[in-house]
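Chemist: Quick one: structure below, then a few questions.
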Amino acid sequence: MDARTNKPATETADREVVISRQINAPRALVWRVMTEPEHQNKWWGPDGFRNEEVTMDFRVGGSWTYVMVGPDGTRYPNHTAFKEITPPARWVFDHGDGQRVWFESTITLEETAGGTLVTIKQLFPSKESRDEVVNKYGAIEGGRQHLAKLEHYIREHLC
C-alpha cells in the first residue's frame, strides 16, 4: 500500500524509480550531508557532473535551485520545491527545471544496524515520462552514482 495515496503500490510501480543504498554512517550525519549545501555540493550529481548557481531554502515551501553542469559543459537547470520535511528521516519535494515538474521525490533515511539505509523514490506523472527519464538521461544509473558519491564523501571526509 502506498501510504501517501492509500492505493496499492502496484498502481504506481510503472511510474516509479526507487534506488537504495546502505551507508555506514549515523542517520544524523547522513541527513546533514544530504540537506546542507556546503556538503551537498561536494557530492550531488552523477559522475562527472558539478553544481553551479546554487541556492537552497530547506524548509517546507522553500526551494533549491542549481544548474547541474555535465562533463561536456551542458547546463541543466534544476528546481526543487520542498513539500514535506521530517528530520532526520524523510523529505518530499517536487523536482523539475523551473518550467515544469518532472517528478515527486521522497527521500527516506532509515536507521539500521549497519548505519543508514537511504532510499530515493521518484514518482513520475506517467509511465512514458518515467521511461523517458530512465532511457534518455540514465536516471537509474545516475541515482546509483549519486548515492555512491554520498557514501564516498562521508567515508573520506567526515568519518
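Chemist: In region 117-141, what residues are closer than 20 Å to Ser63 by Cα and either in a helix (DSSP H, G or I) or out of contact with any Leu (no Cβ under 8 Å at 6 or more places or on another chain) (or both)?
Modeler: If the condition is that a residue be closer than 20 Å to Ser63 by Cα and either in a helix (DSSP H, G or I) or out of contact with any Leu (no Cβ under 8 Å at 6 or more places or on another chain) (or both), then Lys121, Gln122, Leu123, Phe124 are the ones that fit.
Chemist: Shifting gears a bit: Identify the residue in region 1-57 that is among the polar types (S, T, N, Q) and assigned to a loop (DSSP other than H, G, I, E, B) and, among all such residues, is modelled with the highest pLDDT.
Modeler: Looking at the filtered set, the residue picked out is Asn24.
Chemist: Which is free of Cβ contacts under 8 Å to residues at least 40 places away in the same chain and of a type outside the set (Lys, Arg), of Tyr153, Tyr137?
Modeler: Result: Tyr137 is the single residue among Tyr153, Tyr137 that is free of Cβ contacts under 8 Å to residues at least 40 places away in the same chain and of a type outside the set (Lys, Arg).
Chemist: Same structure again: Would it be correct to say that Glu104 is more than 20 Å from Lys42 (Cβ to Cβ) and out of contact with any His (no Cβ under 9 Å at 6 or more places or on another chain)?
Modeler: no
Chemist: What number of residues within region 15-56 are touching a Phe, Trp or Tyr at 6+ places or on another chain (Cβ under 9 Å) and surrounded by fewer than 13 Cβ atoms within 10 Å (Cβ to Cβ)?
Modeler: Final tally of qualifying residues: 4.
Chemist: For region 75-116, which positions are over 25 Å from Arg32 (Cβ atoms) and either touching a strand residue (DSSP E or B) at 6+ places or on another chain (Cβ under 9 Å) or not in a loop (DSSP other than H, G, I, E, B) (or both)?
Modeler: Passing the criteria: Arg75, Tyr76, Pro77, Gly96, Asp97, Gly98, Gln99, Val101, Trp102.
The values are calculated or read from the model by the stated rules, or taken from the named source; none is laboratory data. Note that the structure is predicted; figures quoted are calculated from it, not measured. With ideal geometry, Cβ positions are generated from the backbone for all residues, glycine too; neighbour counts draw on all protein chains shown.
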